[in-house]
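Working notes for the structure below.
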Amino acid sequence: MNKEVLQELCRVFGPTGRESRVAEIVRAHLEGLNLEVYADALGNVIARKGDGPYPVFCTHLDQPGWVVEHRDKKGFLHLKSVPADEKLGEGWAVDEGGNRYRVFKESDGKSWRAESLVDGEGEMGTFLVPKAEFEESKGAYFATALADRVGAALLLDIAGKANKGNQAVALVCYTGRHLKFTGLTAALEDLDIERLYLIEALPCDEGNEGYSLGEGPVILLRTQHSVAPSLWVDEVAKIASDIGIKFQKGLVSDGESAADTLARTGIQAITLGMGVRYSGSRIERVEGSDCEALSKLLQGLAKGKVRS
């Protein structure tokens with residue numbers, strides 16, 4: 001996986017509902033390759049090569065953040081988190097123009113407030129995200145928005161390799177993951193799907209079982225409301241074995257997922273990812289070895305059926 005691309009994606013402003021900058025970066029990397037690339041009305045970015053049915057690789061673009069609800073008489077900004085996400089922490093935040101804000105919780109531990117470093121900035125409707133951080137240390141990546149951007153970096157890896165081959169493949173980066181997966185089904189509706197792989201960073205916490213950091217890619221056998229097709233699991237396991245990749249099988253019993261959303265519409269999918277751990281209230285960590293192994297596995301899956 002390309003570290004510079006991952007860093008570029010992690011640093012860009014892109015909260016739910018304001019993903020256009022992230023989408024532009026992804027699209028810029030895709031254009032110039034031997035792919036048909038387009039964006040739909042919701043801002044989803046889709047790339048495909050050849051004729052379907054396709055193995056489809058899908059991930060999201062948006063990150064959690066806050067939106068300003070109003071400014072009080074003392075000049076403090078009252079914020080609403082989008083979504084109500086516990087991993088958002090106090091500290092520095094920025095708006096789309098790069099202006100800085102100090103974000104903190106009130107004494108009730110629930111209400112968010114902020115003060116702007118620039119007088120007059122932060123009117124009602126302004127979106128904020130945690131100030132971007134990125135570091136590589138001892139074989140691991142530490143960053144804000146890491147769990148929300150590593151999937152796109154992996155899809156760009158697939159695109160680069162697909163450009164050199166003749167296999168049919170489709171790549172989808174959708175919007176609105178943190179707003180009930182708003183763009184997900186719309187992004188897929190024009191694709192003839194053979195297999196659907198959802199690429200996600202998977203939190204290593206008490207609600208999830210069977211996987212950890214540094215032990216290889218993860219195949220989710222079950223999410224809260226969906227079960228991975230056993231034939232697809234066997235196919236992934238076979239390709240992983242053929243290319244010498246150790247993988248983990250896991251379960252997610254807590255929280256809504258893309259697989260759950262699709263299951264309600266009758267669309268089958270399998271979730272592939274790597275473990276992520278939150279270091280502090282904002283910084284996320286993934287192991288570089290997990291990213292590299294998952295990248296190789298995804299490329300193997302993309303080559304699974306070659307068409308002329």
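The values are calculated or read from the model by the stated rules, or taken from the named source; none is laboratory data. All values reported here derive from a predicted model rather than from experimental measurement. Note that each Cβ is placed from the backbone with ideal geometry, even for glycine, and that neighbours are counted across all protein chains shown.
Points worth noting:
- Out of 210, 255, 216, 288, sole residue that is on the phi > 0 side of the Ramachandran plot and modelled with pLDDT of 95 or more: 216
- Flag if residue 45 is within 18 Å of residue 149 (Cα to Cα) and outside the structural domain of residue 111 (by TED's automatic domain parsing): yes
- Of all residues in the stretch 13-32, those satisfying the criterion of being in contact (Cβ under 8 Å) with a residue 24 or more places away in the chain and part of a loop (DSSP other than H, G, I, E, B) are 13, 14, 16, 17, 18, 19.
- Subset of the stretch 239-248 (residues that are part of a helix (DSSP H, G or I) and touching a residue at least 12 places away in the same chain (Cβ under 8 Å)): 239, 240, 242
Residue-wise test of (1) charged (D, E, K, R); (2) in a loop (DSSP other than H, G, I, E, B); (3) buried (at least 16 other Cβ atoms within 10 Å of the Cβ); (4) in the same structural domain as residue 11 (by TED's automatic domain parsing).
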| position | (1), (2), (3), (4) |
| --- | --- |
| 233 | no, no, yes, yes |
| 237 | no, no, no, yes |
| 250 | no, no, yes, yes |
| 254 | yes, yes, no, yes |
| 260 | yes, no, yes, yes |
| 274 | no, no, yes, yes |
| 277 | yes, no, yes, yes |
| 284 | yes, no, yes, yes |
| 296 | yes, no, yes, yes |
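- Single unsatisfied condition, residue 110 versus (1) free of Cβ contacts under 8 Å to residues at least 40 places away in the same chain; (2) in contact with a Gly (Cβ under 9 Å, 6 or more places away or on another chain); (3) of a type outside the set (A, V, I, L, M): (2)
- Test set (1) under 19 Å from the mean Cα position of the chain (by Cα); (2) in a loop (DSSP other than H, G, I, E, B) - residue 196 fails condition number: (2)
- Hey, residue 82 closer than 19 Å to residue 183 by Cα and not assigned by TED's automatic domain parsing to the domain that holds residue 262 or not: yes
- Residue count, the stretch 44-72 (criterion: surrounded by fewer than 18 Cβ atoms within 10 Å (Cβ to Cβ) and assigned to a loop (DSSP other than H, G, I, E, B)): 4
- Figure legend. Inter-residue proximity from the stretch 213-236: first residues within 20 Å of residue 290 (Cα to Cα) and in contact (Cβ under 8 Å) with a residue 40 or more places away in the chain, second residues of a type in the set (D, E, K, R) and in a strand (DSSP E or B), beta-carbon distance below 7 Å, spacing 6+ or different chains. Indicated pairs: 213/277; 213/287; 214/287; 219/249.
- For the stretch 1-12, a tally of residues being part of a helix (DSSP H, G or I) and surrounded by fewer than 23 Cβ atoms within 10 Å (Cβ to Cβ) returns 6.
- One residue stands out in the stretch 73-105 among those that are aliphatic (A, V, I, L, M) and part of a loop (DSSP other than H, G, I, E, B): the one that is surrounded by the fewest Cβ atoms within 10 Å (Cβ to Cβ), namely 84.
- Checked against (1) closer than 16 Å to residue 58 by Cβ; (2) surrounded by fewer than 20 Cβ atoms within 10 Å (Cβ to Cβ); (3) acidic (Asp, Glu), residue 200 meets all criteria but (2).
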